[in-house]
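A short write-up of the structure that comes next.
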Amino acid sequence: MVLVSNADTLRQLHRDHFSNYNQQEQAAVELIGLLNQLNNNQDVQVSLFGEALATNSTSRILAVHQNTASRTQDGQPLTVADTLNAVKEIAQNSDLTAARIDVGQLINADKDVSAAISDALQSDNSDSANAPSDVVLYGFGRIGRILTRLLLSQAASEKGLQLKAIVVRPGKDGDIAKRASLLERDSIHGTFAGSVSIDDDNNGMVINGRFVQIIYANDPSEIDYTAYGIDDALIIDNTGIWKDEAGLGKHLQAKGVKKVLLTAPAQGNIKNVVFGVNSDTIGEDTIVSAASCTTNAITPTLKVLNDKYGIENGHVETIHSFTNDQNLIDNYHKSDRRGRSAVLNMVITSTGAAKAVGKALPELNGKLTGNAIRVPTPNVSLAILNLNLKSAPESVDALNSYLRDIANSSQWQSQIAYSDSTEAVSTDFVGTEQVGIIDAQATIVTDNHATVYIWYDNEVGYSTQVLRIATQMAGIRYLNIA
């Protein structure tokens with residue numbers, strides 16, 4: 001009798017879990033439809049604690065909600081039904097345009113969604129409509145393809161950043177097919193969640209229903225973008241070939257170009273910008289650098305640590321995945337040590353990230369040293385901050401508590417994440433869109449000395465920062481409600 005009773009109980013348990021999951025799935029389907037309508041019709045983007053809600057995957061919607069437990073006041077994950085109800089309220093406000101709304105923050109703070117929107121609209125005096133802005137990717141390597149995925153993975157919209165073309169060096173027959181395949185299939189990030197096809201007649205690709213022109217050129221200045229229907233474009237140069245004003249200025253000589261964004265540290269007087277830290281200095285600059293992946297990963301955390309405790313000095317050690325500029329097997333290389341096999345060796349090399357922090361955060365200029373060790377992993381890196389602080393944290397728990405609050409704040413949640421898992425390893429952070437993830441289990445505090453470990457997807461995390469700068473440079477502005 002006991003066995004039968006247990007069997008009946010388990011059957012009911014299975015039914016209950018299935019019913020609950022099925023209800024969540026149905027709510028996710030309805031939610032995706034509303035998210036697409038808001039994005040297409042009103043240029044309204046909805047996030048959950050800083051993470052954009054997928055508009056093409058119910059499973060991702062469910063996963064994002066399940067992972068909110070560490071961010072809520074009661075320690076329970078938000079339900080899809082909670083979010084759906086909030087988004088229904090948003091959809092009822094037809095006056096709302098060009099806005100980004102974090103429903104996670106609103107629900108967690110028990111705020112009335114309609115009232116929050118009304119208050120935000122009353123305090124906003126700007127023209128909230130965003131015109132479309134043409135974007136051209138100059139180069140189609142690792143960062144170029146990640147940027148393409150990010151730009152075209154969300155629901156189609158005629159507003160905001162519009163990827164119109166990709167510029168590459170002249171290739172052989174079948175070049176576009178090969179590049180389309182590399183976009184569609186990625187050994188690290190998996191298969192692209194969408195459709196990619198080739199338009200041979202027009203020399204381009206159709207990605208999630210949007211035509212992207214492929215332009216062949218050896219020099220930026222030789223292109224007439226207006227001949228392809230592209231005007232006032234923002235060029236995102238991810239080739240790394242030109243890093244100074246003379247080289248990057250060639251883009252501005254081309255017809256149809258308005259501004260240039262470099263996805264590498266710049267030389268000379270070009271500003272190296274970390275979004276959220278010194279992005280307010282961009283102004284009307286026509287050439288801007290998004291600095292490096294490591295500089296972006298560490299600078300936000302360094303800023304909040306300096307704000308709270310003050311940083312006397314320190315050292316940054318970067319454990320960095322190997323990159324394409326290293327050799328697979330031992331061979332000649334112009335740089336020291338990088339000629340040795342990247343897949344067989346840990347390779348000590350230099351990094352300018354620590355020095356670059358001082359450009360984005362002048363109060364730390366000259367206070368940090370840095371080195372890097374390239375290791376045999378293809379993606380996700382780790383920065384170790386060894387810092388002498390002016391004010392000593394009370395304990396490891398006190399420092400971690402501060403960093404957790406920062407990661408959960410509306411100001412930093414899109415850039416800084418927080419991990420407290422004892423089992424976390426590098427591959428767990430592949431695809432993480434926050435630029436830096438604090439590993440709380442590794443934090444060390446001894447008197448006024450603190451060691452903080454920061455994971456980062458050096459491809460995806462960095463690319464999200466690039467697009468934030470691109471949005472600002474393009475003059476696209478969103479009313480933020482949280």
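Of the cross-linked pairs K88/K259; K164/K243; K88/K303; K258/K334; K111/K159, which ones have a Cα-Cα span greater than 32 Å in the structure shown? Each step should come with its number before you reach the end.
Details: K88/K259 38 Å; K164/K243 23 Å; K88/K303 37 Å; K258/K334 35 Å; K111/K159 29 Å.
Over 32 Å apart, Cα to Cα: K88/K259; K88/K303; K258/K334.
State the three equivalent ellipsoid semi-axes of the range 293-459, derived from the C-alpha gyration tensor as the square roots of 5 times its eigenvalues, in descending order and whole Å. Walk me through the numbers before you get to the answer.
Values: eigenvalues 158, 64, 37 Å².
Working from the Cα gyration tensor, I get semi-axes of 28, 18, 14 Å.
Give me the one-decimal Kirkwood hydrodynamic radius in Å for the range 80-190, with the sum taken over alpha-carbon pairs.
One decimal place: 17.5 Å for the Kirkwood radius.
Can you compute 3J(HN,Hα) from phi for each residue in the range 162-170, using the Karplus curve 6.51 cos²θ - 1.76 cosθ + 1.60 with θ = phi - 60°, rounded to whole Hz and x for Gly and Pro?
10, 6, 9, 7, 10, 9, 9, 6, x
Could you give the distance between the Cα centres of the range 260-304 and the range 194-210, to the whole Å?
Here the two parts' Cα centres lie 32 Å apart.
Between D447 and S187, what is the label-point separation in nm under the 7 Å Cα-to-beta-carbon projection?
4.8 nm
Please list the non-local residues whose amide H lies under 5 Å from the amide H of V44, H modeled 1.01 Å from N, same-chain partners needing a gap of 5 or more.
For V44, whose amide H was placed from the backbone, the distant partners under 5 Å are N39, A98, A99.
Along the charge dipole of the range 2-123, which of L48, L10, A116 sits closest to the positive end, that is, farthest toward it, with unit charges on the beta carbon of Lys, Arg, Asp and Glu (+1, +1, -1, -1)?
About the Cα centre, the residue reaching furthest to the positive side is L10.
What ³J(HN,Hα) values, in whole Hz, does the Karplus curve 6.51 cos²θ - 1.76 cosθ + 1.60 give for the range 365-373 when θ = phi - 60°, with x put for Gly and Pro?
These are the phi-based 3J(HN,Hα) values: 4, x, 9, 10, 10, x, 9, 9, 10 Hz.
Compute, for the range 25-159, the length of the dipole vector about the Cα centre, with Cβ point charges of +1 (Lys, Arg) and -1 (Asp, Glu) only. Units Debye, rounded to 20.
700 debye
Where in the chain is the longest stretch that carries no GluC sites (Glu not before Pro) classed as loop by DSSP and with at most 11 other Cβ atoms within 10 Å? Before the final figure, lay out each step's value.
Numbers: sites that count: E158, E284, E394, E423.
Within the chain, the longest run free of exposed GluC sites (Glu not before Pro) spans 1-157.
Multiply the residue gap between A63 and A217 by 0.36 nm, knock off their C-alpha separation, and tell me the result in nm, one decimal place.
Numbers: separation 154, 0.36 × 154 = 55.44 nm, distance 4.24 nm.
Gain on extension, A63 to A217, equals 51.2 nm.
State, to one decimal in nm, how far the label point of D405 lies from the label point of R15, with both points 7 Å from Cα in the Cβ direction.
4.8 nm
Whole number please: convex hull volume per residue of the Cα set in the range 371-413, in Å³?
Working: hull volume 5.8 nm³, N = 43.
Taking only Cα atoms, the range 371-413 has a hull volume of 134 Å³ per residue.
Expected output is a single nm value to one decimal: the length gained when fully extending between N269 and D119, i.e. 0.36 nm times separation in residues minus the C-alpha distance. What is it? Walk me through the numbers before you get to the answer.
Values: separation 150, 0.36 × 150 = 54.00 nm, distance 4.11 nm.
49.9 nm is the gain from fully extending N269 to D119.
If you place +1 on the Cβ of every Lys and Arg and -1 on the Cβ of every Asp and Glu, how big does the dipole about the Cα centre of the chain come out, in debye to the nearest 20? Working shown, then result.
Details: 38 positive and 54 negative charges, 249 e Å.
That gives the chain a dipole magnitude of about 1200 debye.
Which value at 222 nm does the chain reach when only helices count, each DSSP H run of 4 or more adding -39,500 (n - 2.57), with the total divided by all residues and rounded to the nearest 500 deg cm²/dmol? Walk me through the numbers on the way to the answer.
On the way: 12 runs with 156 residues, N = 482.
-10500 deg cm²/dmol, from helical runs alone.
Quick check: convex hull over the Cα atoms of the range 2-123, volume per residue in Å³, rounded to an integer? Show your work: numbers first, answer last.
Details: hull volume 13.6 nm³, N = 122.
So the per-residue Cα hull volume is 112 Å³.
Treating only the Cβ atoms of Lys and Arg (+1) and Asp and Glu (-1) as charged, compute the dipole magnitude of the range 340-419 about its Cα centre; round to the nearest 20 debye. Spell out each step's value before the answer.
Details: 7 positive and 4 negative charges, 89 e Å.
Dipole about the Cα centre, nearest 20: 420 debye.
For I241 paired with T369, estimate the spin-label separation in nm (one decimal), with each label point 7 Å from Cα along the Cα-to-Cβ line.
Each label point is offset 7 Å from its Cα along the Cβ direction, giving 3.8 nm.
Express in nm, to one decimal, how much length is gained between A424 and D74 on full extension, taking 0.36 nm for each residue of separation and deducting their alpha carbon distance. Walk me through the numbers on the way to the answer.
Working: separation 350, 0.36 × 350 = 126.00 nm, distance 2.38 nm.
Residue separation times 0.36 nm, minus the Cα-Cα distance, leaves 123.6 nm.
Sketch the reach of a paramagnetic label on N22 as a point 7 Å from Cα along Cα-to-Cβ, and name the residues of the range 62-97 whose backbone nitrogen lies under 19 Å away.
Under 19 Å, as judged by backbone N against the label point of N22, lie 62, 80-81 of the range 62-97.
Indicate, rounded to the nearest 5 percent, the antiparallel portion of the DSSP beta bridges found entirely in the range 185-275. Spell out each step's value before the answer.
Details: 8 of 14 bridges.
Beta bridges within the range 185-275, antiparallel portion: roughly 55 percent.
Using per-residue counts of other Cβ atoms within 10 Å, averaged over each peptide, order 96-104, 406-414, 164-172, 289-297 from highest down.
Details: 96-104: 22.1, 406-414: 19.8, 164-172: 16.8, 289-297: 28.8.
Highest mean packing first, the order is 289-297, 96-104, 406-414, 164-172.
May I ask for the distance between the Cα centers of the range 432-482 and the range 46-86, given as a whole number of Å?
Here the answer is 20 Å between Cα centres.
Quick check on the exposure proxy: order Y21, Y462, Y456 from fewest to most C-beta atoms within 10 angstrom. Could the numbers behind the result be given before it?
Working: Y21 11, Y462 23, Y456 28.
Least to most surrounded, the residues fall as Y21, Y462, Y456.
Show the residues, 5+ positions off or on another chain, whose built amide H is closer than 5 Å to the amide H of F211.
Residues meeting the criterion, in which the H sits 1.01 Å from N, do not exist here.
When only C-alpha pairs under 8 Å and at least 6 residues apart count, what is the relative contact order of the chain, in percent?
Numbers: 936 pairs, mean separation 63.8, N = 482.
Over the chain, the number comes to 13 percent.
When DSSP assigns beta bridges and you keep just the ones with both residues in the range 293-459, what percent turn out antiparallel, to the nearest 5? Don't skip to the end; give the middle numbers.
Working: 24 of 36 bridges.
Restricted to the range 293-459, the bridges split so that about 65 percent are antiparallel.
Quick one: plug the Kirkwood hydrodynamic radius of the range 242-382 (C-alpha pairs) into Stokes-Einstein at 4 °C, 1.567 mPa s, and report D in µm²/s. The partial results should precede the final answer.
On the way: Rh = 16.6 Å.
Here the translational diffusion coefficient equals 78 µm²/s.
Classify the chain as rounded, prolate or oblate from the Cα gyration tensor: take a ≥ b ≥ c as the square roots of its eigenvalues, call it rounded if a/c is under 1.5, otherwise prolate when a/b beats b/c and oblate if not.
On the way: a/c = 1.42, a/b = 1.14, b/c = 1.25.
It comes out rounded by the Cα gyration axes.
Taking every DSSP beta bridge with both residues inside the chain, roughly what % is antiparallel (nearest 5)? Walk me through the intermediate numbers first.
Working: 34 of 78 bridges.
Counting only bridges with both partners in the chain, antiparallel ones make up about 45 percent.
How big is the Cα convex hull of the range 133-264 in projection, averaged over all directions, in nm²? Numbers along the way, then the final one.
Working: hull surface 31.0 nm².
Reported value for the Cα convex hull: 7.8 nm².
Readers should treat all values here as calculations from the given coordinates under stated rules, not as data from a laboratory. Computed from a predicted structure; not experimentally measured. Reconstructed Cβ throughout: ideal geometry from the backbone, glycine too, with neighbour counts over all protein chains shown.
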